Amino acid sequence: MNRYTLATIWAAATVALDQITKLWVLNTIEPWTGFKVIPGFFNLVHVLNKGAAWGFLDDENIDWQRPMFIAISVVAVFAIGYMLKSTKGKDTWMIAGLGMIAGGAIGNAIDRIWLGSVIDFLDVYVGTYHWPAFNIADSALTVGAGCIILSMLLQRNSEQD
């Protein structure tokens, strides 16, 4: 299987899981409400985020963030295509990471186009400290970045041997 096919599979799986879970939230949980799953640690919520990760630029008085974040997603997908072209051999960590990042960018872009904001629903907290709510696409962006870092570390170690 070539690197483009593998990255596309990762991206498609990410988008599918992201959109299925967001559709479930949209149809199950009223906006700005939620329920406890693991008391003191984890809730499922329905938050609408016009901004970026962790609520950055989530402000009702800003109207330019929607087109800007959609444009960033498009640029990111093209950049990932270019990076795949220059990926050496079968670097599965790099390919998986790039696929997850593309899928995360596409998943959140779909929300922005369709709803004007991103559905966040995973609420992790300890006591009264809540990490900002996030979603599967956000998780894929983070895990994908971790895969790329791991790939780079493994590549560096193999060059030193």
Yes/no for I113 being in contact (Cβ under 8 Å) with a residue 40 or more places away in the chain, over 22 Å from V47 (Cβ atoms) and over 14 Å from the mean Cα position of the chain (by Cα): no
Criterion violated by E30 - all others in (1) of a type outside the set (A, V, I, L, M); (2) surrounded by 12 or more Cβ atoms within 10 Å (Cβ to Cβ); (3) under 18 Å from G116 (Cα atoms); (4) modelled with pLDDT of 95 or more satisfied: (2)
Residues that are surrounded by 14 or more Cβ atoms within 10 Å (Cβ to Cβ) and of a type in the set (V, I, T), drawn from segment 143-161: V143, I148
Cβ pairs under 9 Å, 6+ apart, first in segment 68-91 and without any contact (Cβ under 8 Å) to a residue 40 or more places away in the chain, second outside any helix (DSSP H, G or I) and of a type in the set (G, A, S): I72/A52
Test for T128: is it within 19 Å of W10 (Cβ to Cβ) and among the polar types (S, T, N, Q): no
Single match in A133, A105, A96 (criterion: free of Cβ contacts under 8 Å to residues at least 40 places away in the same chain, crowded, with 20+ Cβ neighbours inside 10 Å and not charged (D, E, K, R)): A105
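Condition test on V124, is it in contact (Cβ under 8 Å) with a residue 40 or more places away in the chain and surrounded by fewer than 22 Cβ atoms within 10 Å (Cβ to Cβ)? Spell out the reasoning first.
Working: in contact (Cβ under 8 Å) with a residue 40 or more places away in the chain: yes; surrounded by fewer than 22 Cβ atoms within 10 Å (Cβ to Cβ): yes.
Criteria met by V124.
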Scope segment 107-144; condition in contact with a helix residue (DSSP H, G or I) (Cβ under 7 Å, 6 or more places away or on another chain), of a type in the set (A, V, I, L, M) and more than 19 Å from W24 (Cα to Cα); matching residues: L141, V143
Contacts under 6 angstrom Cβ, first residue in segment 24-43 being assigned to a helix (DSSP H, G or I), partner surrounded by 10 or more Cβ atoms within 10 Å (Cβ to Cβ), 6 or more apart: V25/H46; V25/I119; V25/F121
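Quick check on my filter: what residues within segment 115-137 are part of a helix (DSSP H, G or I) and at pLDDT 95 or above? Can you show your working first?
Start the filter on segment 115-137 by keeping residues that are part of a helix (DSSP H, G or I), which leaves 115, 136-137.
Within segment 115-137, I136, A137 qualify.
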The one condition in (1) modelled with pLDDT of 90 or more; (2) closer than 30 Å to L44 by Cα; (3) surrounded by fewer than 12 Cβ atoms within 10 Å (Cβ to Cβ) that A140 fails to fulfil: (3)
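The values are calculated or read from the model by the stated rules, or taken from the named source; none is laboratory data. Fair warning: this is a prediction, and the values are worked out from it, not measured in the lab. Cβ: placed from backbone, ideal geometry, glycine included. Neighbour counts: every protein chain shown.
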